[in-house]
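S.K.: To start, I am sharing the structure in question, which I have written as structure tokens.
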Amino acid sequence: MKPDWLSDPKVWRTEVLAGLVVALALIPEAISFSIIAGVDPALGLFASFTMAVVISIVGGRRAMISAATGAVALVIAPLNREHGLGYLIAAVILAGVFQVILGALGVARLMRFIPRSVMVGFVNSLAILIFMAQVPEMRNVPWAVYPLIVGGLALMVFFPKITTVIPAPLVSIVILTVITVGAAIAVPTVGDKGALPSSLPVPGLPDVPFTTETLVTIAPYAFAMALVGLMESLMTAKLVDEITDTHSNKTRESIGQGIANVVTGFFGGMGGCAMIGQTMINVKVSGARTRLSTFLAGAFLMVLCVVFGPVVSDIPMAALVAVMIMVSFATFDWHSVAPKTLRRMPAGEIAVMVITVVAVIATHNLAVGVVVGSVTAMVIFAKRVAHLAEVTAVVDPDGTTVVYRVTGELFFASSNDLVGQFDYAGDPDKVVIDLSSAHIWDASSVAALDAIETKYAQRGKTVEITGLNDPSARLHGRLTGELAGSH
């Protein structure tokens, strides 16, 4: 079957133009992330080129952009500072190997355990981080920068009303560049961020001693980078799934990220993962849907740097700041903070969302926010479910039997209260505990039932447990009487 872009010229045009816009937006980001990591700008640009091109072939989520990212730069910057560039490159390759292993082990399946409120917090904090990253570009700059940013934003808001054939961000970048160059307005440009490479990267081995000592040095950084990269990539893939209403192969994406990082390392790049901002430009703003846009974003990036370096260097930073501000507004889930939504949402869900956002912004690390948010959500969930086990007693008319009906989920948090809900002294000689409306989840619940039986037995009364569903009966049968020393 032919891909869409081969058979439909409209799709082809959308993908090509989307790739061009993303390539332009990648350049200043890749350069600034190189600065964070403390490496030459060329390494960030090479990484963005190899990541995008490789992931377009081996990745599991079409139209998602992977390149050099801030999250990865933050993780590996200390390694570069303390040990130098060779160690950083070696760590990138090892991180890729870790990602392939984690992908093959099924780490992508863990995404199911990330609650929606954490997802919303992740998206909102990302939007805030994208915006915050633009603030330095608006400080201590010539006054002309501000009208240029406003003009760029206006173009992106109103140009799509005229036509959507050419992506508005591309129009904005071209017009603002022509104005600043034509009128010789002195404002910061892409070239001020650092020199663009003039040749393609060549493959080679990292310049490190191949010893156990090197491995011990780079392994912690590589593993941290692998986890941060996978988490950001999988969260971004999930977000693109929702926006495009299509499904992606998360396991293939995890392994693909690893392969892309290994290739990037051998080409001397600084490594990376999925980029939320550029992916939003590609999918949400430009309407791209295929692997072609991802491939072309990488290819155009190198062509722009190597062939059109002087032209690209003249692009005012104001044009790209305007694009990224637009992206942050498009990324933010405004519905989640609307008063109507907040009134309906349970307090716990709002708390999880806020905690996720605060954790990300405080640490500038998306992975920390996701972990903190997920743990908070689990604690709130456990507290909520802990009160769901109810016990009601019905005494037989002839007074010889009492039936206790237990309703709800029995696990470590709810079973603790269970023991105290029976009248051991006042009940008749025969006690029936009906569990047909309950489910036993763990050993704590079996231990609680054992404790109840023991307390009745001490008073010479018999207990009969009825109504267990199959999984509960199996667990109870396996563990009952075995847990005597555990309470």
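S.K.: After finding the eigenvalues of the alpha carbon gyration tensor for the range 355-399, what semi-axes result from the square roots of 5 times each, listed largest first in whole Å?
M.R.: That gives 45, 6, 4 Å for the three semi-axes.
S.K.: Residues of the range 65-98 with amide nitrogen under 18 Å from the 7 Å Cα-to-Cβ point of L205?
M.R.: 85-95, 97
S.K.: How big is the Cα convex hull of the range 7-72 in projection, averaged over all directions, in nm²?
M.R.: Seen from a random direction, the Cα hull of the range 7-72 projects 4.8 nm² on average.
S.K.: DSSP loop (so not H, G, I, E, B), at most 16 other Cβ within 10 Å: list which trypsin sites (Lys or Arg not before Pro) in the range 121-214 pass both filters.
M.R.: Sites meeting the loop and neighbour criteria: R139.
S.K.: Roughly how many Å is it from the Cα centre of the range 361-384 to that of the range 91-153, as a whole number?
M.R.: Here the answer is 17 Å between Cα centres.
S.K.: How big is the charge dipole of the range 368-487 about its Cα centre, in debye rounded to the nearest 20, if each Lys and Arg gets +1 on its Cβ and each Asp and Glu gets -1 on its Cβ?
M.R.: In total the dipole reaches around 340 debye.
S.K.: Would you tell me the accessible area of T163, worked out with a 1.4 angstrom probe on the heavy atoms of the protein chains, in Å² to the nearest 10?
M.R.: 40 Å²
S.K.: Using DSSP to call loops (not H, G, I, E or B), can you name the chymotrypsin sites (Phe, Trp or Tyr not before Pro) in the range 57-130 whose Cβ has at most 15 other Cβ atoms within 10 angstrom?
M.R.: Answer by residue number: there is no such site.
S.K.: Expressed as a rounded percentage, what relative contact order does the range 46-171 have, with Cα pairs under 8 Å and six or more residues apart?
M.R.: 10 percent
S.K.: Moving on to the next point. Binning at 10 angstrom from zero up to the longest distance, how are the C-alpha pair distances of the range 203-280 distributed in percent?
M.R.: Bins of 10 Å from zero give 17, 43, 27, 11, 3 percent of pairs.
S.K.: With every atom except the alpha carbons ignored, what do you get for Rg and Dmax of the range 15-152, in angstroms?
M.R.: In Å, with Rg to one decimal and Dmax whole: 17.4, 53.
S.K.: Just give me a number: lysine pairs in the chain, eight or more positions apart or cross-chain, with C-alpha atoms less than 24 Å apart.
M.R.: Lysine pairs meeting the criterion: 10.
S.K.: Tell me the volume per residue, in Å³, of the convex hull enclosing the alpha carbons of the chain.
M.R.: Residue-normalised Cα hull volume stands at 202 Å³.
S.K.: Rounded to the nearest 0.05, what FRET efficiency do F158 and D245 give with R0 = 30 Å and r taken as the Cβ-Cβ distance? Could you check?
M.R.: That gives a FRET efficiency of 0.60.
S.K.: If you don't mind, there's one more thing I want to ask. Could you state the accessible area per residue of the chain in Å², with a 1.4 Å probe and every protein chain left in place?
M.R.: Here the per-residue accessible area is 45 Å².
S.K.: Follow-up question, since we're still on this one. Could you give the Stokes-Einstein D for the range 132-277 in µm² per second, using the C-alpha Kirkwood radius, 25 °C, 0.890 mPa s?
M.R.: Translational diffusion coefficient: 125 µm²/s.
S.K.: Suppose we keep just the DSSP beta bridges with both residues in the chain; what percent of those would be antiparallel, to 5?
M.R.: Counting only bridges with both partners in the chain, antiparallel ones make up about 40 percent.
S.K.: Separate question: Taking the range 222-267 as the region of interest, what is the percent of Cα-Cα pairs per 10 angstrom bin, listed from the shortest bin to the one with the maximum distance?
M.R.: Once binned at 10 Å, the Cα pair distances of the range 222-267 give 26, 50, 21, 3.
S.K.: Additional query: Ordered by residue, what ³J(HN,Hα) values in Hz, to whole numbers, does the range 84-101 give under the Karplus form 6.51 cos²θ - 1.76 cosθ + 1.60, where θ = phi - 60° and Gly and Pro are x?
M.R.: Values per residue, Gly and Pro as x: x, 5, x, 5, 4, 4, 4, 5, 4, 5, 5, 4, x, 4, 4, 5, 4, 5 Hz.
S.K.: Here's something else I'd like to know. Return the carbon/sulfur percentage of the accessible area of the chain, one whole number, probe 1.4 Å, all protein chains in place.
M.R.: It is 66 percent, rounded to a whole number.
S.K.: Classify the range 277-368 as rounded, prolate or oblate, taking a ≥ b ≥ c as the square roots of the eigenvalues of its Cα gyration tensor: rounded when a/c is under 1.5, otherwise prolate if a/b is larger than b/c and oblate if not.
M.R.: Prolate is the answer for the range 277-368, as a/c is 1.5 or above and a/b outweighs b/c.
S.K.: Given the -39500 (n - 2.57) contribution per DSSP H run of 4+ residues, what per-residue ellipticity at 222 nm results for the chain, rounded to the nearest 500 deg cm²/dmol?
M.R.: For the chain, the value works out to -20500 deg cm²/dmol.
S.K.: Residues with amide H under 5 Å of D333's amide H, sequence separation 5 or more or different chain, H placed in the peptide plane at 1.01 Å from N; which?
M.R.: N124
S.K.: State the Cα centre-to-centre distance between the range 246-314 and the range 413-443 in whole Å.
M.R.: Between the Cα centre of the range 246-314 and that of the range 413-443, the gap is 58 Å.
The values are calculated or read from the model by the stated rules, or taken from the named source; none is laboratory data. Given the structure is predicted, the values throughout are model-derived calculations rather than measurements. Counting neighbours? That spans all protein chains shown, and the Cβs are built from the backbone with ideal geometry, glycine included. In case anyone asks, the SASA skips ligands and DNA or RNA and just uses the protein heavy atoms, side chains included. Shrake-Rupley method; radii C 1.70, N 1.55, O 1.52, S 1.80 Å.
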